[in-house]
Amino acid sequence: MVKERARILVVGGGYVGMYTALRLQRKLKAELRRGEVDITVVTPDPYMTYQPFLPEAAAGSISPRHVVVPLRRLLDRCHVLIGEVTSVDHAVRTAAVTTLATAEEGRTAELIGYDELVLAPGSVSRTLPVPGLAEYGIGFKTVEEAIGLRNHVIEQMDIASSTRDPAVRDAALTFVFVGGGYAGVEALGELEDMARYAARYYHNLRPEDMKWILVEASDRILPEVGPEMGRYTVTQLRRRNIQVLLETRLESCAGRVAVLSDGQRFPTRTVVWTAGVKPHPLLDATDLPRTGRGRLRCTDRLTVDGTEHAWAAGDAAAVPDVTAPEPGTETAPNAQHAVRQAKVLGDNIVHTLRGEPLQTYAHKYVGSVASLGLHKGVAQVYGRKLKGYPAWFMHRVYHLSRVPTVNRKARVLAEWTLAGLFKREIVSLGSLEHPRAEFELAAGGKPPHSPSDDPKGSS
């Protein structure tokens, strides 16, 4: 039994937030029933996004509804509050939270008290002061961005098929991806595969008309799968007429022209930014210790260093890697660590409440898998290197085993099965992004005044 009634506040509904709350409600089932423990999860979205499936959702292999896990259904013994934590004052154990209701009520924020704090807000896209990036760049971190990018790519093909202006056609069929990590390579591979398939349904488009460009500032891509697999990936992408530009940076995309550091210029209507992430800005509004890179300084037991009753893991936390040969090494901010850290974090909170010793987080790296499109991939698992179809199959098997809930596993497996029996869907639903535009026009509203206001699409 716990020593006294404990209020646990979990900030964030991503990997760490969801899995920690799930672990807590399972381990503290009796205490929750007796009212000795209260768990509150504050998250800006009512769902957790399984990000490894975003490229397949963008390619149409998986429905966007099945890439997310509804938190209220899964965390039925927790209080799920849809809102954002704007600041944390751990000295007095309070967090300021804004919700849709606070805005309606005319209040700036609501203060929530807690006894144990789990800070897992995750990360946001790391951008650079590149001219034109804010106006024309497209991110690839949320399910909304993934589906928006899918609609956008198909719309560009529609534009190219409809125009007689070669400059407009060339810009519409040029797709620039910045960042050679998992997100950039997998998104590029899946979308190029989808667009290549879709081209057969356009009477005046061929796959060779499209120009796909991957820009990476370092000297290799996919560092997680090792140098050999990274070189293999570059070779395979280039065989698909995808330009892979290493040691190259995006200098500007103003005026819908991508200007690279090597002097090349590409008129384009599509610049996808996947060049890394940075800790969530919420960390700036806390009184907790951080590292030079802005992440929370943590111990190997997932407590915030030098602070009691504060815990962290995932992208926002700098957790020592006790399995690394070199001291001072931190665990990588990826999903593999986040899921495993959440398990230890949840258990350690339970141990704290019950006066038991804490566990140390130690995890040996198993490997990495990456998809490069349908039936194409690379993988390095337990030291073994896989290429092509075996790697792609391993990618699907691994992520199917890791996606939360049996419900989601069954739905994803069913969609993959149906996708193998029927043709791909190549429909753009860009009008979903502006659902009221057509009615507003019919009701006497102003017509769209810019491309982004187009009721029929997002381009």
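Just a few scattered comments:
- H66 being modelled with pLDDT of 95 or more and in the same structural domain as T286 (by the TED database): no
- Subset of region 211-243 [over 26 Å from G383 (Cα atoms), open to solvent by less than 20 Å² (accessible area, probe 1.4 Å) and either part of a loop (DSSP other than H, G, I, E, B) or among the β-branched types (V, I, T) (or both)]: I213, V215, I242
- Residue check for G328: open to solvent by 10 Å² or more (accessible area, probe 1.4 Å), at pLDDT below 95 and either farther than 30 Å from L173 by Cβ or of a type in the set (V, I, T) (or both): yes
- Residue within region 30-44 that is open to solvent by 10 Å² or more (accessible area, probe 1.4 Å) and under 16 Å from the mean Cα position of the chain (by Cα) present: yes
- Remark: pairs (first residue in region 132-153, small (G, A, S); second residue part of a helix (DSSP H, G or I); Cβ separation under 6 Å; 6+ apart in sequence or on different chains) = G132/A254; G139/E145; A146/L54; A146/A57; A146/A58.
- Leading residue by the ranking (most open to solvent (accessible area, probe 1.4 Å)) among those in region 59-112 that are in contact with a Ser or Thr (Cβ under 9 Å, 6 or more places away or on another chain) and part of a loop (DSSP other than H, G, I, E, B): T108
- In region 338-365, the residues that are within 12 Å of A312 (Cα to Cα) and part of a loop (DSSP other than H, G, I, E, B) never reach a residue that is open to solvent by 30 Å² or more (accessible area, probe 1.4 Å) and among the small types (G, A, S) with C-beta atoms less than 9 angstrom apart, at least six apart or across chains.
- Residue check for V272: closer than 26 Å to A183 by Cα and either β-branched (V, I, T) or in a strand (DSSP E or B) (or both): yes
- Applying a threshold of 7 Å to beta carbon distances and a minimum spacing of six or more residues, or different chains, the list of pairs starting in region 293-306 at a residue that is under 16 Å from T360 (Cβ atoms) and of a type in the set (S, T, Y) and ending at one that is open to solvent by 30 Å² or more (accessible area, probe 1.4 Å) and part of a loop (DSSP other than H, G, I, E, B) reads T299/D305.
- Tally, over region 289-299, of residues that are surrounded by 14 or more Cβ atoms within 10 Å (Cβ to Cβ) and either within 25 Å of the chain's Cα centre (by Cα) or within 25 Å of S218 (Cα to Cα) (or both): 7
- Hits in region 99-129 (condition: hydroxyl-bearing (S, T, Y) and at pLDDT below 95): T99, T102, T108, S123, S125, T127
- Number of residues in region 261-281 that are more than 20 Å from V369 (Cβ to Cβ) and crowded, with 19+ Cβ neighbours inside 10 Å: the value is 10.
- Per the listing E135, E155, the residue uniquely modelled with pLDDT under 95 and buried (at least 19 other Cβ atoms within 10 Å of the Cβ) is E155.
- Any chance A410 is assigned to a helix (DSSP H, G or I), without any contact (Cβ under 8 Å) to a residue 12 or more places away in the chain, of a type in the set (A, V, I, L, M, F, W, C) and not assigned by the TED database to the domain that holds L54: yes
- Region 389-409: number of residues that are among the β-branched types (V, I, T) and more than 19 Å from the chain's Cα centre (by Cα): 2
- Condition met for L117 (buried (at least 18 other Cβ atoms within 10 Å of the Cβ) and under 30 Å from D287 (Cα atoms)): yes
- R295 being farther than 16 Å from H90 by Cα and among the basic types (K, R): yes
- Candidate set from region 172-210 (those that are among the hydroxyl-bearing types (S, T, Y) and under 22 Å from T248 (Cα atoms)); member that is surrounded by the most Cβ atoms within 10 Å (Cβ to Cβ): Y182
- Selection count where residues are β-branched (V, I, T), closer than 20 Å to H66 by Cα and open to solvent by 20 Å² or more (accessible area, probe 1.4 Å), scope region 371-413: 3
The values are calculated or read from the model by the stated rules, or taken from the named source; none is laboratory data. These numbers were taken from a predicted model, which means no experiment stands behind them. Virtual Cβ from ideal backbone geometry, glycine too; neighbours counted across all protein chains shown. Areas reflect the complete protein model, heavy atoms only, side chains present, ligands, DNA and RNA absent. Shrake-Rupley method; radii C 1.70, N 1.55, O 1.52, S 1.80 Å.
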